[in-house]
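The values are calculated or read from the model by the stated rules, or taken from the named source; none is laboratory data. Note that the coordinates shown come from a computational prediction; the quantities given were computed from them, not determined experimentally. Heads up, the Cβs are rebuilt from the backbone with ideal geometry, glycines too, and the neighbour counts pull from every protein chain shown.
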Amino acid sequence: MVPDLWFLLPGIATRQISHGRYGMLLDPPAALLLAWIFHRWILPRMSRMPGLESFDRKETFRWGIGYLGAVIGVATHLIWDQFTHSGSHVLSDPIYSNLVIFRHGSVRLELGMGIWYLNSLLGMLVLALWIRHRLRKMPEGSRIFLSPQWIAVCLGFLIPMGAVMAWLGDSSLSGPGGLKRLVHMGTEMRMACFAAVLCALAAGLVVSGRDPSRSPAVRRPAGKVDEK
């Protein structure tokens, strides 16, 4: 996702840079740096969340393998975009921007935009199936999401997402043609999702930052040993 994360930093890297010929030079080092930060600081804290205990493996970060994974991830991202974004080299035919596959009043959804949305929906479906598969292996199952930690994470995502969408609605979606603009504002919605994910991650780091094993409430009295 690094090629798209540049959109959160306007003026630093445009789409022509992050998704162009220079993307393979700039994106992998940025992905490697983010992977190291995630491995070094974020993952140890997030592994204290209910259901994520297995991620606390304390493995050494391997820079060579990490960079190789970053290159593969960026390359597959850029290649996949060629098949899912209207106006790319693969989807450069005018039919992708002129052929309307859905129409409701003044709302039009062209084939190119429809492929983009379908790709996103399929990605979310695969992610949902993976989460369901993981939950079926846990004794607690989906009940872990009722824990205070996961409730805080969900609120950390929903509140900023709702606030951003409400702001977009007030500024550009109200009045005639609002639904039409909503269909074609993929970039704004994607940036809102990125911001909400970052807020949810921050909430997870806050609620999982305290190690419960060091809490005075669970600390054993001095000199007491476990009975077997």
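I want to confirm something. Restricting to region 49-86 and keeping residues that are among the basic types (Lys, Arg) and surrounded by fewer than 11 Cβ atoms within 10 Å (Cβ to Cβ), which single residue is modelled with the lowest pLDDT? Within region 49-86, the match that is modelled with the lowest pLDDT is Arg57.
Can you go through Ser208, Ser120, Ser174 and tell me which one is modelled with pLDDT under 75 and not hydrophobic (A, V, I, L, M, F, W, C)?
Working: Ser208 fails: modelled with pLDDT under 75; Ser120 fails: modelled with pLDDT under 75.
Checking each option against the conditions leaves just Ser174.
Of the residues making up region 1-50, those that are assigned to a loop (DSSP other than H, G, I, E, B) and more than 19 Å from the chain's Cα centre (by Cα) are Gly11, Ile12, Ala13, Thr14, Gly20, Arg21, Tyr22, Arg48, Pro50.
Quick test for you: out of Arg103, Arg108, pick the one residue that is of a type in the set (Lys, Arg), farther than 23 Å from Gln16 by Cα and surrounded by 13 or more Cβ atoms within 10 Å (Cβ to Cβ).
Numbers: Arg103 fails: surrounded by 13 or more Cβ atoms within 10 Å (Cβ to Cβ).
On inspection, the qualifying residue turns out to be Arg108.
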